[in-house]
Amino acid sequence: MIRGAVLFSLFMIVAGCLDQLGPDVGAKQFNTCVDEDSDPSNPISFERDIRQGIFNRPTIHCVKCHTPGGATPIGIMIGGLDLSTYDTLKHGGFHSATTIVIAGKPCESTIVQKISAAPPFGVRMPKDGPPYLVAADAQIIVDWIAEGANDN
């Protein structure tokens, strides 16, 4: 019996039939990350566009969980990530550390992965979302990191 199953499997491999047995998962539903600035003519400022423009926006909830003075600073207590300043962001959290922001490599940066629609680990941020970052806000963070993640 086992010999027959082995022979059948070998026949299927040689005949090229096994490549048809994979799951039909359909088309990708989310864009893949690209390590490029979407608009090089528009430089992103950490202070203006990221910290004030995104992190401190009340509807986004970043400061609620990831700043010492936030309403529920669970993001600092559990994850160790403080978004108060450039330096505290670059320090990362307990799990992200130096991978939170990798200058020039947004796709490898934990912050980009965690705000994406399908993070490779854990939950999407903000944890109490939706609402989540809109695509334009996420792109600003990607562009800032692609530009070198400058403290400006």
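The values are calculated or read from the model by the stated rules, or taken from the named source; none is laboratory data. Predicted model, so just to flag it, every value in this text is computed and none were measured. Note: ideal-geometry Cβ built from the backbone for every residue, glycine included; neighbour counts use all protein chains shown.
The listed residues are SER109, SER96, and the only one of them that is modelled with pLDDT of 95 or more, farther than 19 Å from PRO58 by Cα and out of contact with any Gly (no Cβ under 7 Å at 6 or more places or on another chain) turns out to be SER109. Got a sec? Which of THR98, THR67 is among the hydroxyl-bearing types (Ser, Thr, Tyr), over 16 Å from ILE44 (Cα atoms) and surrounded by fewer than 17 Cβ atoms within 10 Å (Cβ to Cβ)? Of the residues listed, the single one that is among the hydroxyl-bearing types (Ser, Thr, Tyr), over 16 Å from ILE44 (Cα atoms) and surrounded by fewer than 17 Cβ atoms within 10 Å (Cβ to Cβ) is THR98. Looking for whichever is at pLDDT 95 or above, part of a loop (DSSP other than H, G, I, E, B) and β-branched (Val, Ile, Thr) here; the options are VAL123, VAL101. Which one fits? From the options VAL123, VAL101, the qualifying one is VAL101. Exactly one residue out of GLY80, GLY93 is in a loop (DSSP other than H, G, I, E, B) and touching a Phe, Trp or Tyr at 6+ places or on another chain (Cβ under 7 Å), and it is GLY80. Taken over region 43-63, the criterion of being closer than 18 Å to LYS114 by Cα and touching a helix residue (DSSP H, G or I) at 6+ places or on another chain (Cβ under 8 Å) is satisfied by ILE50, ARG51, ILE54, PHE55, ASN56, ILE60, CYS62, VAL63. The single condition from (1) surrounded by fewer than 20 Cβ atoms within 10 Å (Cβ to Cβ); (2) in a helix (DSSP H, G or I); (3) under 9 Å from the mean Cα position of the chain (by Cα) that LYS114 fails is (1). For region 34-59, a residue qualifies if it is among the β-branched types (Val, Ile, Thr) and either out of contact with any Pro (no Cβ under 7 Å at 6 or more places or on another chain) or modelled with pLDDT of 95 or more (or both), and the qualifying residues are VAL34, ILE44, ILE50, ILE54.
What are the residues in region 50-92 that are of a type in the set (S, T, N, Q) and under 17 Å from GLY129 (Cα atoms), if any?
ASN56, THR59, THR72
Among residues of region 118-144 that are touching a residue at least 24 places away in the same chain (Cβ under 8 Å) and within 25 Å of ILE44 (Cα to Cα), those with a beta-carbon under 6 Å from a residue that is of a type in the set (Ser, Thr, Tyr) and assigned to a loop (DSSP other than H, G, I, E, B) at least six positions away or on a different chain give the pairs GLN139/SER38; ASP143/SER38.
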